Amino acid sequence: MPQHARRHLTRRTVLRRTAVGGLALAGGAAIAGPLVSGADAATSAFGYRDDGNAYVVGTGADLVFKVDHRNGDLTSLVYKGTEYQGYGGKNSHVETGLGTSSVSIRRTGDTILITVVHGTMHHYYAARRGENNVYMWTNKADASITATRYIVRVRPGLFPNNLPDSWDARTDTVIEAQDVRRKPNGTTRSKHYSNQRVIDYDHVGWSDGKVGMWMVRSNHEKASGGPFYRSLMRHHYEDGAGLYEILYYGENQTEPMRFGLQGPYVLAFTDGGAPAASLRHDRVDTSWVDGLGLAGWVGRSGRGRVAGVGIAGRDKAYAYTVGFANADAQYWTEADPATGRFLSPYMLPGTYTLTVYKEELAVHTTRVTVTAGRTTRLHTLTIGADPSRNPAIWRIGDFSGTPRGFKNASLMTTMHPSDARARPWTGTYTVGTSRTDDFPCYQWADINNRQKIRFRLTAQQLASGHTLNIAITTAFANGRPRVRVNDWVSAVPAPAKEPTTRSLTVGSYRGNNHTYSYAVPASAWIKSPDAYQELTLDIVSGSGGSAYLSPGVSYDVIELLP
């Protein structure tokens, strides 16, 4: 995804905007956005008009918005008399703007629909009578157009700017790629650090206590990466803010792009509270959409579901998710923690790979076919591929597909690894004495190489060789572990197939879970049950990079098997 152009405010710009009711600065802080006079500021009647450049839509509530009928950009969002849209001279739009497009508008009963057509792509805006919401859909039919997100650009000074995904370039310094910054107190900020898994959130936005502005996400059936994928959700700089609906994001991506209609996703205004639960992707009533003629729209009657009576072999210390995916769509649902029962969302017809995840680790797969108008019912699924069940001489961590429990793991989705709040990345780990959170969740070639693990073996265990397993959740720059046991050194393993973009520094440990296995011979051991064996882990790679952008891995488990 391209980096967002940044433009700092000059004194002339400030004076010009202030003169027309724009932002005003006092004591270095921006205050509330401009008031809009005239008919657009009042509580709007439901309807639309053409002002010569844009369609002006009144929702019949407190929201008036404009869509440029030349290119489909959203050029104005006036809620209760205040303009919220725009910063740096930019509008809100698909990707960075589509350019010249065919834009039309029509009213059908209590719905006003704007259709934007650009080549093979369709984008839609809809208003419903009496609602302070803008419903949106994007249909990317093929790869001929780069259309991977919708961004709502929000004027500065309207909402708090003190969250992990916000920064102020007047005080904060760049530490990585222009989008990761360090504050004077040593803490770090980035647009990446609102980083929640898709399964964990329904909406994202801000509230000042009186006004809430939210993006309610879609069901992501045409997105990629599955339920645990993390991508941009919002940002907030001193000169503007943004809310995102990510349709496809290439950073740390594990799946190819899917095509087709994505939505609805909803831009919602409130009186300060969260958006209505009825707007959630799994609750929203879309029966009114069926007659609008959206390209690619499939209503509930054209969909089916999958129901399972239970999942056997679960570890009740973990949450279980059931995912469904094929080349055209993806879905997921959480299994009941007590019984393992599950019921899928309404799905497009087709044959899917069904995957049961223990936390984020795939532990069971099968195939299932979905038929329109029917619920496919499954017998109990039995997990047969949980490596935690295998006996081990010792094990650091537990198989979950995440770095859960390791040192700094709880911090790394909301800050840079160099953050002042992170514990030192170095230190020797002693089996039987150290705690799991004494072992680092991440290891880099240039930061904490030669990570040491000390352990003892009994006389019986010393008599034979053993298998050492190292499970990673992802790797950066082809990083992979080469191991040394006392004086024995392993061969360098081939790199696992992992995403090639940044991951560990932008809040994501999610990749293609992989386990490296090493056959350690009996000759490697110090032949004394009282002696500590010393295992040294080195991250090796044919790629370069330095510091936290040197080759690295995220750990799931390190274990020695009998």
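Bear in mind that the values in this text are calculations on the coordinates, not laboratory data. Please read these numbers as outputs of a predicted model, since none were measured by experiment. Glycine also receives a Cβ, built like all others from the backbone with ideal geometry; neighbour counts cover every protein chain displayed.
At a Förster radius of 25 Å, what calculated FRET efficiency corresponds to the Cβ-Cβ distance of ARG170 and SER207, to the nearest 0.05?
Details: r = 24 Å, r/R0 = 0.98.
Approximately 0.55, to the nearest 0.05.
Report the FRET efficiency, 1/(1 + (r/R0)^6), for ALA143 and ALA463, where r is their Cβ-Cβ distance and R0 is 41 Å, rounded to 0.05.
Values: r = 58 Å, r/R0 = 1.43.
Efficiency for this residue pair is about 0.10.
Tell me, what is the percent relative contact order of the chain, built from C-alpha pairs under 8 Å that lie six or more residues apart? Working shown, then result.
Working: 1426 pairs, mean separation 59.1, N = 562.
After rounding, I find 11 percent.
So how far apart, in nm, are the two label points at GLU255 and SER287 if each is 7 Å from Cα heading toward Cβ?
A separation of 3.0 nm, rounded to one decimal place.
Please rank THR96, THR115, fewest neighbouring Cβ atoms within 10 Å first, as an exposure proxy. Before the final figure, lay out each step's value.
Values: THR96 15, THR115 21.
Exposure proxy ranking, most exposed first: THR96, THR115.
Rounded if a/c is under 1.5, else prolate if a/b beats b/c, else oblate: with a ≥ b ≥ c from the C-alpha gyration tensor eigenvalues square-rooted, which is region 499-562?
prolate
May I ask for the Kirkwood hydrodynamic radius of the chain, worked out over all distinct Cα pairs and given in angstroms to one decimal?
Working: mean 1/r = 0.0387 Å⁻¹.
Across the chain, the inverse of the average 1/r is 25.8 Å.
Taking amide H positions as placed 1.01 Å from N in the peptide plane, with prolines and chain starts having none, which residues 5 or more places from ARG480, or on another chain, fall under 5 Å of its amide H?
Placed amide hydrogens put VAL540 under 5 Å from ARG480.
Show the residues, 5+ positions off or on another chain, whose built amide H is closer than 5 Å to the amide H of VAL180.
It is ILE175, by chain and number.
Between ARG280 and LEU561, what is 0.36 nm times their sequence separation minus the Cα-Cα distance? Round to one decimal in nm.
96.6 nm
Once you put a point 7 Å from the Cα of THR500 and another 7 Å from the Cα of TYR532, both along the Cβ direction, what distance in nm separates them?
The modelled label-to-label distance comes out at 4.2 nm.
Check CYS441: other-chain or 5+ apart residues with amide H under 5 Å from its amide H, H built from backbone geometry?
LYS407, ALA409
Using each residue's phi in region 88-97, evaluate 6.51 cos²θ - 1.76 cosθ + 1.60 at θ = phi - 60° and report the 3J(HN,Hα) Karplus result to the nearest Hz, with x for Gly and Pro.
Coupling constants for region 88-97: x, x, 10, 9, 9, 5, 5, 6, 9, x Hz.
With the dipole of the chain worked out from charges on the C-beta (+1 for Lys and Arg, -1 for Asp and Glu) around the Cα centre, which of ILE145, MET121, VAL553 lies farthest toward the positive end?
Sorting the options by dipole projection puts first VAL553.
Most exposed first by the Cβ proxy, i.e. fewest other Cβ within 10 Å, how do VAL370, VAL174 rank? Please report the intermediate quantities before stating the final value.
Numbers: VAL370 23, VAL174 12.
Fewest-to-most Cβ neighbours within 10 Å comes out as VAL174, VAL370.
Between rounded, prolate and oblate, where does region 11-289 land on the alpha carbon gyration tensor, with a ≥ b ≥ c its root eigenvalues, rounded for a/c under 1.5, else prolate if a/b exceeds b/c? It would help to have the intermediate numbers written out before the result.
Values: a/c = 1.55, a/b = 1.08, b/c = 1.43.
Since a/c reaches 1.5 but b/c is at least a/b, the shape of region 11-289 is classed as oblate.
Hey, if you put +1 on the Cβ of every Lys and Arg and -1 on every Asp and Glu Cβ in region 11-289, which of VAL134, VAL174, VAL78 ends up farthest toward the positive end of that dipole?
With unit charges placed on the Cβ atoms, the residue in question is VAL174.
Within 10 Å, count the other beta carbons around each residue, average over each peptide in 488-498, 81-91, and list them highest first. Walk me through the intermediate numbers first.
On the way: 488-498: 14.6, 81-91: 18.4.
Going from most to least packed, we get 81-91, 488-498.
Could you tell me how far the Cα centroid of region 228-271 sits from the Cα centroid of region 314-354, in Å?
Each part's Cα centre sits 22 Å from the other's.
Could you give the size of the charge dipole of the chain about its Cα centre, using +1 on the Cβ of each K and R and -1 on the Cβ of each D and E, expressed in debye and rounded to the nearest 20? Please report the intermediate quantities before stating the final value.
On the way: 62 positive and 48 negative charges, 47 e Å.
Around 220 debye, computed over the chain.
Which length gain, in nm to one decimal place, applies between THR365 and THR96 when the Cα-Cα distance is subtracted from 0.36 nm times their residue separation?
93.0 nm is the gain from fully extending THR365 to THR96.
Can you give the calculated 222 nm mean residue ellipticity of the chain, where each DSSP H run of n ≥ 4 adds -39,500 (n - 2.57) and the sum is split over every residue, rounded to the nearest 500 deg cm²/dmol?
Details: 2 runs with 13 residues, N = 562.
That calculation yields -500 deg cm²/dmol at 222 nm.
Mind checking the full-extension length gain between GLU334 and THR426? Use 0.36 nm per residue of separation minus the Cα-Cα distance, one decimal, nm. Could you put the intermediate results ahead of the total?
Details: separation 92, 0.36 × 92 = 33.12 nm, distance 3.68 nm.
Gain on extension, GLU334 to THR426, equals 29.4 nm.
Show me, for region 387-403, the HN-Hα J-couplings you get by feeding each phi into the Karplus relation (A = 6.51, B = -1.76, C = 1.60, θ = phi - 60°), rounded to Hz, glycine and proline as x.
x, 5, 6, 6, x, 9, 5, 8, 8, 9, x, 9, 5, 9, x, 9, x
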